[in-house]
Amino acid sequence: MEIFKKEIEMISPMHWDLVDPKIRKVLAVLLKNKGKLYHLHQIAVESRVSQATVFRIVPMLVSLNYLTITKIGKLKLYSLADNAKTQGLHNEKN
């Protein structure tokens, strides 16, 4: 998992093809609707990545400030963070 963290931190959005395909799929779902809140299961279904893999990828993206968490009681919902990192991803990917 540490390799993926370094991979994302070092690679600019222009080198999108060098990032793990499953991470790209998860980010692509979140980039579609920037302001939308997603549950892990919903991310897994829409990205067609297993729920276990999404469970590992999403906390890593949160720690790298690509995603934000909104807690409602015990429920955690995730959305794309609004910062320079995600603006660059949005501009380069789409």
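For region 30-76, the Stokes-Einstein estimate of translational diffusion at 10 °C and a viscosity of 1.306 mPa s comes to 142 µm²/s, using the Kirkwood hydrodynamic radius over alpha-carbon pairs.
Computed over neighbours whose Cβ is under 15 Å from that of LYS36, the net charge equals +1, Lys and Arg +1, Asp and Glu -1.
What ranking do SER79, SER47 get, fewest neighbouring Cβ atoms within 10 angstrom at the top? Numbers along the way, then the final one.
On the way: SER79 16, SER47 21.
Result, fewest neighbours first: SER79, SER47.
In plain terms, the residue of LYS25, LYS36 with the fewest other Cβ atoms within 10 Å comes first and the most crowded comes last, giving LYS36, LYS25.
For VAL45, VAL29, which order do you get if you count the other beta carbons within 10 Å of each Cβ and list the fewest first? Could the numbers behind the result be given before it?
On the way: VAL45 14, VAL29 21.
So the ranking, lowest neighbour count to highest, is VAL45, VAL29.
Read-outs: derived from the displayed coordinates by stated rules, not from any lab. Being a predicted model, the structure only gives us computed values, none of them experimental. No Cβ is skipped: glycine too gets one built from the backbone with ideal geometry, and neighbour counts run over all protein chains shown.
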